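The values are calculated or read from the model by the stated rules, or taken from the named source; none is laboratory data. Predicted model, so just to flag it, every value in this text is computed and none were measured. Ideal geometry is used to build each Cβ from the backbone, glycine not excepted, and the neighbour counts take in all protein chains shown.
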Amino acid sequence: MQKILDLISDELKKAFKEAGYGEEYGKAAVSNRPDLCDFQCNGAMAAAKAFKKAPIQIANEIVEILKNDPAFESIEAVMPGFINIKAGGKFLADHMTAMKNSEKFGLEKPEKVKTIIIDYGGANVAKPLHVGHLRPAVIGESVKRICKFAGHNVIGDAHLGDWGLQMGEVIEELRLRQPDLPYFDPDFKGEFPKEAPFSISDLEEIYPAASARMKEDADFAVKCHEATVKYQNKERGYAELGAHIISVSKEDLKRNYDNLDVHFELWKGESDADPYVKDMVDAMVKSGLAYESQGALVVDIREEGDKKEYPPCIIRKSDGAAIYETTDLATLVQREQDYKPDMVVYVVDKRQELHFIQVFRTAKKAGIVPADTDLRFIGNGTVNGKDNKPFKTRDGGTLRLEALIKMVDDAVYDRIMESREESPEEAEKTAKIVGLAALKYGDLSNQATKDYIFDTDRFTSFEGNTGPYILYTIVRIKSILNKYRETYGTTGEFSKINVPSGVSEKNLMLKISGFHDMVEMAFRDTAPHVVCRFVYELADAFNGFYHDTKILTEENKEKREGWIALLELTKELLECGIDLLGFSAPERM
Ligand code: ARG
């Protein structure tokens, strides 16, 4: 179905055309003065320039044509030439009814269905997830859900870091501890054991131990580098151990991401791109795009109009080792071959921006992806502590993601136990659901690129612009609907929404009517904070309406049922919104 702005624009277009100015001036926008009107049109200002007339004269002509339009409660021209519109009650109510009875609330399918890959999460195998992994996971998951809901084919890829030095570190540490393992015997020709020689808890201890040893012991550090090269060159025992590290680690990462309600369609890693590196580099050398510079192989990425000096993209280092740029480029070769994506979105810490500029420019220059592929970098800001510096534990260490999640869940649990009479088990379950909302909403309500201060007290508050407030509103609607069912015996499946009878009811409908534009904008800008703003304003508008209206005791049946339909629509939209954000509501809280 048509969006509300398009419906109103259609009326304006007709009028502008009839008055002889051309349809293009008939564009409606949501009013930036809600105290004066619901929608506005500034077309008379633009037409005035083209037709050399006073804008107010044109605005008056348009208003004259539309003054009896049933879609509008009122339409007026104001100086210097704005057209202010208030939406008609029946027009709004009909729009609500249509939304309620349409799939996806009447959201139109995109003109062209795109294939979109979202590369997010940023996890590295063998290393535990820490606070820095929160945003790429949470934002990426939401962006993925937004793109899907907008009607596209979307594939989320974890793109695990499994090609770096940490692999050599773990392998070398293991060799020190268990030198007799067959993996380290170059003459071993038999079959390696199926089981990994370590568990996830071993791994959790091995990696930090290796890291610490590397800092103290230069000889060990050299060996770690050598082991990494052996692993990358697929020496038999090393490749086998690497595969064990990946599979043990992946299982644990899956559990952690599941806890965050973050899910990937693909669990590929940097190592999967390796088979594409050689041909890709050869082609770049052959075409002359890549050239030797100080022993390394590089590609110039400067472009006309650059305001900054961009260093060349290094494709191969002088020691021949593969690097981050190379694996990301080869991954694009692989993605192009497997999926031909129209768009690839990377949700990664914004401090990696230069890396992605280098990769994107090189990929286009080398023809790895077509010129019109939308390669998009969403560089996320950091999660900061109260001192506004990247979040640290009390002793200055990096905070594990699990610990961060627990901190929020505990705070919510305390709040629930303070005010409700729930059993501890029940409260714990609810706290997990509400805690996730607090965590994710606290993150996503900020623009992705901005840093934010992690404030457990604020995030877990049941009031204000928070996740728990949104959930609380949904739970409240659910409870009204339940009561309705108890009182009137029906399931409350009413489809017709009535003409609004008060200001707060109309306000709720106006907020609801912004849904389609919200989805469009959130998709266009791949921006979850747009969804947050919508659900918050919708929840607020609902609470205003609820405060003003005695729903359950209303005697007029038609009125009552219309309200219940409006409540259901509101609830479904809020639930849809939080699903786009990646969390859900409990039954009670
Ligand atoms: N694993 C990387 C890191 O820890 C982030 C990966 C981001 N994605 C990518 N395609 N480079 O920094």
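Conditions tested, residue by residue: (1) within 12 Å of the ligand (Cβ to nearest atom); (2) more than 12 Å from the chain's Cα centre (by Cα); (3) modelled with pLDDT of 95 or more; (4) in a strand (DSSP E or B).
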site: GLY121; (1), (2), (3), (4): yes, no, yes, no
site: PRO128; (1), (2), (3), (4): no, yes, no, no
site: GLY132; (1), (2), (3), (4): yes, yes, yes, no
site: PRO136; (1), (2), (3), (4): yes, no, yes, no
site: ILE139; (1), (2), (3), (4): no, no, yes, no
site: CYS147; (1), (2), (3), (4): no, no, yes, no
site: VAL154; (1), (2), (3), (4): no, yes, yes, yes
site: GLY168; (1), (2), (3), (4): no, yes, yes, no
Enumerate the pairs (first residue in the stretch 26-39 and in contact (Cβ under 8 Å) with a residue 40 or more places away in the chain and of a type in the set (A, V, I, L, M, F, W, C); second residue anywhere and surrounded by fewer than 22 Cβ atoms within 10 Å (Cβ to Cβ) and part of a strand (DSSP E or B)) with beta-carbon separation below 6 Å, excluding pairs fewer than 6 apart on the same chain, so at least 6 apart or on different chains. LEU36/ASN84; CYS37/ASN84; CYS37/LYS86
The condition of being among the hydroxyl-bearing types (Ser, Thr, Tyr), crowded, with 16+ Cβ neighbours inside 10 Å and closer than 30 Å to ALA527 by Cβ holds, among THR466, THR449, only for THR466
Filter the stretch 483-492 down to the residues that are without any contact (Cβ under 8 Å) to a residue 40 or more places away in the chain and among the charged types (D, E, K, R) and list them by number. ARG485, GLU486
Identity of the residue in the stretch 322-347, assigned to a loop (DSSP other than H, G, I, E, B) and surrounded by 13 or more Cβ atoms within 10 Å (Cβ to Cβ), that ends up nearest to the ligand (Cβ to nearest atom): ILE323
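Does THR449 satisfy the condition of being over 26 Å from VAL531 (Cβ atoms), touching a residue at least 40 places away in the same chain (Cβ under 8 Å) and assigned to a loop (DSSP other than H, G, I, E, B)? Spell out how you get there, then give the answer.
Numbers: over 26 Å from VAL531 (Cβ atoms): no; touching a residue at least 40 places away in the same chain (Cβ under 8 Å): yes; assigned to a loop (DSSP other than H, G, I, E, B): yes.
So THR449 fails the test.
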Residues within the stretch 390-404 that are over 22 Å from LYS432 (Cα atoms) and among the small types (Gly, Ala, Ser), tallied: 2
Test for GLY379: is it more than 13 Å from the ligand (Cβ to nearest atom), not in a helix (DSSP H, G or I) and not acidic (Asp, Glu): no
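Listed residues LYS53, LYS67, LYS114; which is free of Cβ contacts under 8 Å to residues at least 24 places away in the same chain, in contact with a helix residue (DSSP H, G or I) (Cβ under 9 Å, 6 or more places away or on another chain) and not small (Gly, Ala, Ser)?
On the way: LYS67 fails: in contact with a helix residue (DSSP H, G or I) (Cβ under 9 Å, 6 or more places away or on another chain); LYS114 fails: free of Cβ contacts under 8 Å to residues at least 24 places away in the same chain.
Exactly one of LYS53, LYS67, LYS114 is free of Cβ contacts under 8 Å to residues at least 24 places away in the same chain, in contact with a helix residue (DSSP H, G or I) (Cβ under 9 Å, 6 or more places away or on another chain) and not small (Gly, Ala, Ser), namely LYS53.
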Checking the structure you have, find out if any residue of the stretch 238-257 is without any contact (Cβ under 8 Å) to a residue 40 or more places away in the chain, outside any helix (DSSP H, G or I) and of a type outside the set (Gly, Ala, Ser). no
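Let's see how each residue does on (1) closer than 30 Å to LEU510 by Cβ; (2) surrounded by fewer than 24 Cβ atoms within 10 Å (Cβ to Cβ):
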residue: ASP94; (1), (2): yes, yes
residue: LYS100; (1), (2): yes, yes
residue: LYS127; (1), (2): no, yes
residue: ILE139; (1), (2): yes, no
Taking the stretch 348-376 only, how many residues are surrounded by 14 or more Cβ atoms within 10 Å (Cβ to Cβ) and either assigned to a helix (DSSP H, G or I) or without any contact (Cβ under 8 Å) to a residue 12 or more places away in the chain (or both)? 13
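For the stretch 348-358, name all the residues that are among the β-branched types (Val, Ile, Thr) and more than 8 Å from the ligand (Cβ to nearest atom). Full working, then the answer.
Taking the stretch 348-358 first, the residues among the β-branched types (Val, Ile, Thr) are 348, 357.
Answer for the stretch 348-358, where residues must be among the β-branched types (Val, Ile, Thr) and more than 8 Å from the ligand (Cβ to nearest atom): just ILE357.
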